[in-house]
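Participant: I'd like to ask some things about the structure below.
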Amino acid sequence: MERSGSAMTFARELWYTVAWSEQIGRSLTPRTIAGDHLVLYRQLSGDVAALSDTCPHRFAPMHLGSLVDDVVQCGYHGLRFDAGGACVHNPHGNGAKPKAARLRRYDVVELDGLVWVWMGAGEPADISTIPRFPELHESSYAFTGAHMMTMDLPIDLIVDNLLDLSHAAYLHPATLGAAQGTKDITSVKKAGNRIQSNRLMPGAPPAFVFQATEAAGPDDIVDYWANMRWDPPGVFSMDAGIVATGGRKEDGRILSSVQIVVPSTEGSSYYFWKMFRNYNEDVPGMTEAIEAAVVQAFSTEDEPMVRAVRDRMAGRNFWDMRPLLLPQDSAAVQARRVMDALIAGEAAGAGDI
Amino acid sequence: MERSGSAMTFARELWYTVAWSEQIGRSLTPRTIAGDHLVLYRQLSGDVAALSDTCPHRFAPMHLGSLVDDVVQCGYHGLRFDAGGACVHNPHGNGAKPKAARLRRYDVVELDGLVWVWMGAGEPADISTIPRFPELHESSYAFTGAHMMTMDLPIDLIVDNLLDLSHAAYLHPATLGAAQGTKDITSVKKAGNRIQSNRLMPGAPPAFVFQATEAAGPDDIVDYWANMRWDPPGVFSMDAGIVATGGRKEDGRILSSVQIVVPSTEGSSYYFWKMFRNYNEDVPGMTEAIEAAVVQAFSTEDEPMVRAVRDRMAGRNFWDMRPLLLPQDSAAVQARRVMDALIAGEAAGAGDI
Amino acid sequence: MERSGSAMTFARELWYTVAWSEQIGRSLTPRTIAGDHLVLYRQLSGDVAALSDTCPHRFAPMHLGSLVDDVVQCGYHGLRFDAGGACVHNPHGNGAKPKAARLRRYDVVELDGLVWVWMGAGEPADISTIPRFPELHESSYAFTGAHMMTMDLPIDLIVDNLLDLSHAAYLHPATLGAAQGTKDITSVKKAGNRIQSNRLMPGAPPAFVFQATEAAGPDDIVDYWANMRWDPPGVFSMDAGIVATGGRKEDGRILSSVQIVVPSTEGSSYYFWKMFRNYNEDVPGMTEAIEAAVVQAFSTEDEPMVRAVRDRMAGRNFWDMRPLLLPQDSAAVQARRVMDALIAGEAAGAGDI
Ligand code: FES
Ligand code: FES
Ligand code: FES
C-alpha cells in the first residue's frame, strides 16, 4: 500500500463530521473531507444537502457558483444540479443534459448540532454507529461557541497530541497543564473501536486555567481528572475537571470539551471544538476568556509543536521511524492500530470486489 | 509518453509568439517559451535577435548580463556572444574560446507588430504558416495598448476558456456576457489545424460593455456575434460586435481583439492581447476604461476560475478525468485533438531519427 | 547512486564547522548539518555538547525544549537527556526509561574560535585534519564580527562561486572586483584534498573597496592578489590585498577573510565569515562599512546570481549539463572531483561493511 508521509490512507466507511449545524445555511459551503471535495447547503426543507463540489463538465468547484432554491448553478458555464445530484438544466445550444451529467450525492445526518456525512462507497452504516454527545444538550452548562479551525497538519499527529495529555504540563505550563512533575495515573480501555483513556493527577495545585476561572485558589490542593473518549478517526469527548483532593467527582468543577479532528487532505485537517463548564456560568467575559486561551494554546503551543514534529518526520512513515514507545503512549498507539486495521480491512474488502 | 498534470508536452515545430514588437528594444528581455529559456534584443540594424538565455559556462541567465553593441556579455564571468550565438570574447587567462562555447540561436520573424520565434529542431516552416492579423493594420479602429500578462496556468485550460464562450454570461455577467439564458447559436468549422467557432446570440439586450461604451442603450435589442479563429497553440483572432436585431453585420459596432496564449512552462503561460473598436474612437478615456474592464475580468473572473479548475484537476490528465462533453464543447475539444495530433506527430517523427 | 539536483550526497567522514564559538552558550542552538539535525549547547564545564535534535519519543525538535543544568528537557512531553545522550528522566507513569531512549551524541572540538563536529559514523579522524586559521589569532589585525548567514543554495554552487574569482570584475564591479578586462594570472595547486588557487592582477587601478578604505588612491597602480585555500567541503582561507606595482607583498595592504560554507540540506547552506585587514585599523566606522559592503555584495550580487544558476539547472546534475570548461575553472573543477572522490570512497567503504 502506498503511504505518504506520516499521514495514512483514509478509512472511508465512516460517518464523518463535516460541520457544526449552525455553519450550514442558505449558501454554498465547501469542505474537503478525506480527499473528497464536497459542497454543502441547507435546502428549503431544512435538510442539509451534500454533493460533490466538482462540476462534471470542466471541473469547476460548484461552491463558486450559486444556489437557486434547492438547485446549484455552476459558476463557469451555468449547468444546474438538484440536491440529488441530477443535472436539471443546460442553458446552451439544444440544452442537452446527458445522463453522465451528475454530481455524486452524499448521505447526511444531523445529530447533536453536528452534520455527519457518509464517505463510504456503499450503503451508509446505521447512524447508531455515530458517537453521541449528550453533554452538548446539558442546559445547566455554559458553552463556548461552536468553533472550527483548519490546520495544515495530518490527523494522526493531532490525535497523538490529544491522546497523550502528558504533554500538557510541558507544552501548556501557563494554561491547561498541571505543574511539571505532578504524578499522573493513567488507565486505558478499548471497547470495539472506541478507546477510553483516563488520567488522574491527585493532590496537586490547580492548573492555571482553573485559577483564572476562579474554580480554585492557587493554594488549594485538588484532584485533576482528564478523561478522553476517542472514536475513529478523531472524534473526542473530553471529560475534565477538578475537585478538592479526595472529594467526589460529582462535586467537582467540570471544564470539558468536544473536540473532533477530521482529515481533510493527507496533510491537513479540520478541528471542530466546543468547551463547557459547570461553574461561574454567568460571570461576564469568562466564556470569551476561555475561548481566547484555548485558541492561543492551540495556535501558539500545540500547532507549532505538531508542525515541528511533522517537519522533522519529513514525509517518513511513523512506524518506520521506530518511535520510542512508553507506557503513556498506550492510548495513542492503540488508536493508530484501530485506524490501520480499518484501512487494511477496507483495502481487503475492496480487493474482493 | 510522460504527461504531467493537465498540461501537454509542447508541440515545438511551430512559430511561437514571443513578444509585441514594441516590447523588444536595446535591452535584454527574457522569455521562457515551451520550456526553453530565451533572451531577446533588437540589434543595431533593427532586427530582433533570439538566443538561448543560458550561458554554457555555468548556466547563468544571459539576460542578467549586459548588451554591448550587438554582443551579449554574461553577468557572471564576462563571456561575450554575438547575435549568431558564437562566443567572441573570454576575458580571462589566455582568452580561450572553445568551439563548444556558444548559445543556441533561434530564427525570428516580425509580422503584424508581433515577434515570432521558431522553436522547432530543424529548418523553420515557411512564414506563410504564421497566422496573420490584417485587423491590426486597420487605421479606422481605435486600439488599446499592446498588453502582455503572465499567468500561472497551463495553456490548455486557458484555450478551453476562450474556445467556449458560453462561460461569458456566467463568469462575466457584469461586463462581457449577455444576459444569462440568452439563446446562442454556435457553428464550428475546422480547416487544416485552424478552427473557426462562430457564436450568435440574436435578439437580446446588449451586454453591459456595449452599454458602457455607448454602442447601444439598455433598452435596445441587438444581435451579438462572437466569432473565434484559433490556430495552434493558442493564437486567437476574435471578431465580435453587436448590430440592431436583423441588421447587417457591416453596420454593426465591432469590439474585437487579438488574444495569443503561449505556453511558457507546463504550468504557466503568456497572454498577449489587444482590443479594438469601430465606434466612439475619440471619446476621451474610453479606451482606458475598456482596458481596465478587460484586466479586471481576466484577473478577477477568468483567472481565479481557471486556477480553481487547475487545482481541482490536481495534476490529473484531462481525458483521464472523463470530462462531460456537451455540444458547446466542440471547438475546445477539436483544438485539444489538433494539439494531441501535432505532439504525437512530432514524437513519431523524432522516433524516426 | 541517487543524486538530486546540483547537490551532491554529503561526504560525512569530516569534521564540520557548525558555529563560531561565541554563538554557543547556555541556550539550545539548532543546526542542520549534512542533513542531520543537531542541538548544541555549552555545558557548565564550558565544553560544547552536540546531540541529535530529534527526540526519540515523538520526534519533537529538542531545541524547542529547555536546558536544565547540563540536561536537555524535551518541550513536548518532558523526557530529559544528558550531554552524553542518555535518557535520565521520564516524568510520567512509572518513570520507565528504556535503553532505546537516547539521543545520538556527536564529537565536538573547538579550534580557532570555531566549533567543529564529527559527522562520520565511526571514530572521529584526528583533529590535526581540521584546517587551521592562525590568521584569526593575529593581534595586529582589525577584524569584523563573526558572521553566519543561512543561504537557500546548495554548497557546490557557492564553492564554484568562491573558487572562480574571475567573477568579481563582472558581479562586483563597484566593490570587490578590479576593472573589467584587467589581466589575471592564475595558478592552481593541489596537495592531498587541499586546493590552493592563487590569482594575481598586476598593474591596474585598485578595486573600489581599497579606495573606499583608503588603502590606495584612485590613480594608483597596484598589484592585486587574491589567493584561496580550499579544504573540503567548503572551508576557505582567503589571502588578498594590494601593493604598489612591483612592490613586495609584505609591504602590502591586506584585506583577507575566513569563509566557511557548510552544507545544511541538499539545497541550503550555512556561510560563516570574518574579514580582517592590516591598515586603518582604528578608523572609526571602517569595520562596520566593510561589513555592510560585504553583506550587500553577498546578498544583492552573489546570492541572486547563484540562485539564478540553481533555478536554471532545475535539479539537473552539473556534469550531465555538460558545462563549458575554461582554464579559469581549474580550481572549482578539481574541488568537485575531490568531493566526488570522497563521496564515492565513503559509498565504497560502506559497501564493504
Ligand atoms: S464547468 Fe460547470 S458548467 Fe462548465
Ligand atoms: S556563467 Fe557565463 S561566463 Fe560564467
Ligand atoms: S517527543 Fe520528546 S518527550 Fe515526547
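The values are calculated or read from the model by the stated rules, or taken from the named source; none is laboratory data. As the structure is a prediction and not an experimental result, all values here were calculated from the model. No Cβ is skipped: glycine too gets one built from the backbone with ideal geometry, and neighbour counts run over all protein chains shown.
Participant: Quick check on A:Asp107: is it at pLDDT 95 or above and away from ligand 1 (no atom under 16 Å from the Cβ)? Even if it seems obvious, please write down each step before you answer.
Facilitator: Values: at pLDDT 95 or above: yes; away from ligand 1 (no atom under 16 Å from the Cβ): yes.
Yes.
Per-residue answers, yes or no, for (1) polar (S, T, N, Q); (2) surrounded by fewer than 20 Cβ atoms within 10 Å (Cβ to Cβ); (3) within 13 Å of chain B (Cβ to nearest Cβ):
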{"residue": "C:His147", "(1), (2), (3)": "no, yes, no"}
{"residue": "C:Val159", "(1), (2), (3)": "no, no, yes"}
{"residue": "C:Leu163", "(1), (2), (3)": "no, no, yes"}
{"residue": "C:Gln211", "(1), (2), (3)": "yes, yes, no"}
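Participant: Residues that are within 16 Å of ligand 1 (Cβ to nearest atom), of a type in the set (Asp, Glu) and outside the structural domain of B:Met339 (by TED's automatic domain parsing): list the helices (runs of 4 or more DSSP H) wholly contained in the stretch B:150-259 that include at least 2 such residues.
Facilitator: Filter on the stretch B:150-259 gives an empty set.
Participant: Please count how many residues of the stretch A:42-87 are within 13 Å of chain B (Cβ to nearest Cβ) and of a type in the set (Asp, Glu).
Facilitator: Selection size over the stretch A:42-87: 1.
Conditions tested, residue by residue: (1) in contact with a strand residue (DSSP E or B) (Cβ under 8 Å, 6 or more places away or on another chain); (2) assigned to a loop (DSSP other than H, G, I, E, B); (3) modelled with pLDDT under 95.
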{"position": "B:Thr287", "(1), (2), (3)": "yes, no, no"}
{"position": "B:Glu301", "(1), (2), (3)": "no, no, no"}
{"position": "B:Pro304", "(1), (2), (3)": "no, no, no"}
{"position": "B:Asn317", "(1), (2), (3)": "no, yes, yes"}
{"position": "B:Leu342", "(1), (2), (3)": "no, no, no"}
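Participant: Now a separate question. How many residues does the stretch C:10-34 hold that are among the hydroxyl-bearing types (Ser, Thr, Tyr), part of a strand (DSSP E or B) and either within 16 Å of ligand 2 (Cβ to nearest atom) or under 14 Å from C:Trp116 (Cβ atoms) (or both)? Lay out the reasoning, then the answer.
Facilitator: If we filter the stretch C:10-34 for residues that are among the hydroxyl-bearing types (Ser, Thr, Tyr), which is where we start, we get C:16-17, C:21, C:27, C:29, C:32.
From what's left, part of a strand (DSSP E or B): C:16-17, C:29, C:32.
So of that shortlist, the ones also either within 16 Å of ligand 2 (Cβ to nearest atom) or under 14 Å from C:Trp116 (Cβ atoms) (or both) come out as C:16-17.
So the count comes out to 2.
Participant: Also, I was wondering about something else. Can you tell me how many residues within the stretch B:124-168 are modelled with pLDDT under 95 and either among the charged types (D, E, K, R) or within 16 Å of ligand 2 (Cβ to nearest atom) (or both)?
Facilitator: The number of residues fulfilling the criteria is 1.
Participant: Kindly list the number of the only condition in (1) over 30 Å from B:Thr9 (Cα atoms); (2) part of a strand (DSSP E or B) that fails for B:Pro263.
Facilitator: Unmet for B:Pro263, out of (1) over 30 Å from B:Thr9 (Cα atoms); (2) part of a strand (DSSP E or B): (1).
Participant: Considering each of C:Asp302, C:Asp340 in turn, give the residue that is within 19 Å of C:Ala11 (Cα to Cα), touching a residue at least 24 places away in the same chain (Cβ under 8 Å) and out of contact with any Lys or Arg (no Cβ under 7 Å at 6 or more places or on another chain).
Facilitator: Among C:Asp302, C:Asp340, only C:Asp340 is within 19 Å of C:Ala11 (Cα to Cα), touching a residue at least 24 places away in the same chain (Cβ under 8 Å) and out of contact with any Lys or Arg (no Cβ under 7 Å at 6 or more places or on another chain).
Participant: For the condition farther than 26 Å from B:Asp160 by Cα and touching a residue at least 60 places away in the same chain (Cβ under 8 Å), what is the one hit in B:Glu288, B:Glu250, B:Glu281? Can you show your working first?
Facilitator: On the way: B:Glu288 fails: touching a residue at least 60 places away in the same chain (Cβ under 8 Å); B:Glu250 fails: touching a residue at least 60 places away in the same chain (Cβ under 8 Å).
Every option except B:Glu281 fails the conditions.
Participant: Sticking with this structure for a sec: Give the residue, chosen from B:Ala86, B:Ala96, that is farther than 30 Å from B:Gln259 by Cβ and either in contact with a strand residue (DSSP E or B) (Cβ under 8 Å, 6 or more places away or on another chain) or within 16 Å of ligand 1 (Cβ to nearest atom) (or both). Full working, then the answer.
Facilitator: Values: B:Ala96 fails: either in contact with a strand residue (DSSP E or B) (Cβ under 8 Å, 6 or more places away or on another chain) or within 16 Å of ligand 1 (Cβ to nearest atom) (or both).
Just a single option satisfies the conditions, and that option is B:Ala86.
Participant: In the stretch B:265-292, what count of residues is obtained for those that are crowded, with 20+ Cβ neighbours inside 10 Å and under 15 Å from the mean Cα position of the chain (by Cα)?
Facilitator: Qualifying residue count, the stretch B:265-292: 7.
Participant: Related question: Quick check on my filter: what residues within the stretch A:90-112 are surrounded by 18 or more Cβ atoms within 10 Å (Cβ to Cβ) and either within 16 Å of ligand 3 (Cβ to nearest atom) or not in a loop (DSSP other than H, G, I, E, B) (or both)?
Facilitator: Result: A:Arg102, A:Tyr106, A:Val108.
Participant: Take the residues of the stretch C:177-207 that are within 14 Å of chain B (Cβ to nearest Cβ) and hydrophobic (A, V, I, L, M, F, W, C): which is farthest from C:Ala293 (Cα to Cα)?
Facilitator: C:Val188
Participant: Tell me, yes or no, whether the stretch B:47-59 has at least one residue that is away from ligand 2 (no atom under 12 Å from the Cβ) and surrounded by fewer than 20 Cβ atoms within 10 Å (Cβ to Cβ). Quick ask: steps written out before the conclusion?
Facilitator: Let us first name the residues in the stretch B:47-59 that are away from ligand 2 (no atom under 12 Å from the Cβ), namely B:47-51.
Filter once more, keeping what is surrounded by fewer than 20 Cβ atoms within 10 Å (Cβ to Cβ): B:47.
Checking the stretch B:47-59: at least one residue is away from ligand 2 (no atom under 12 Å from the Cβ) and surrounded by fewer than 20 Cβ atoms within 10 Å (Cβ to Cβ).
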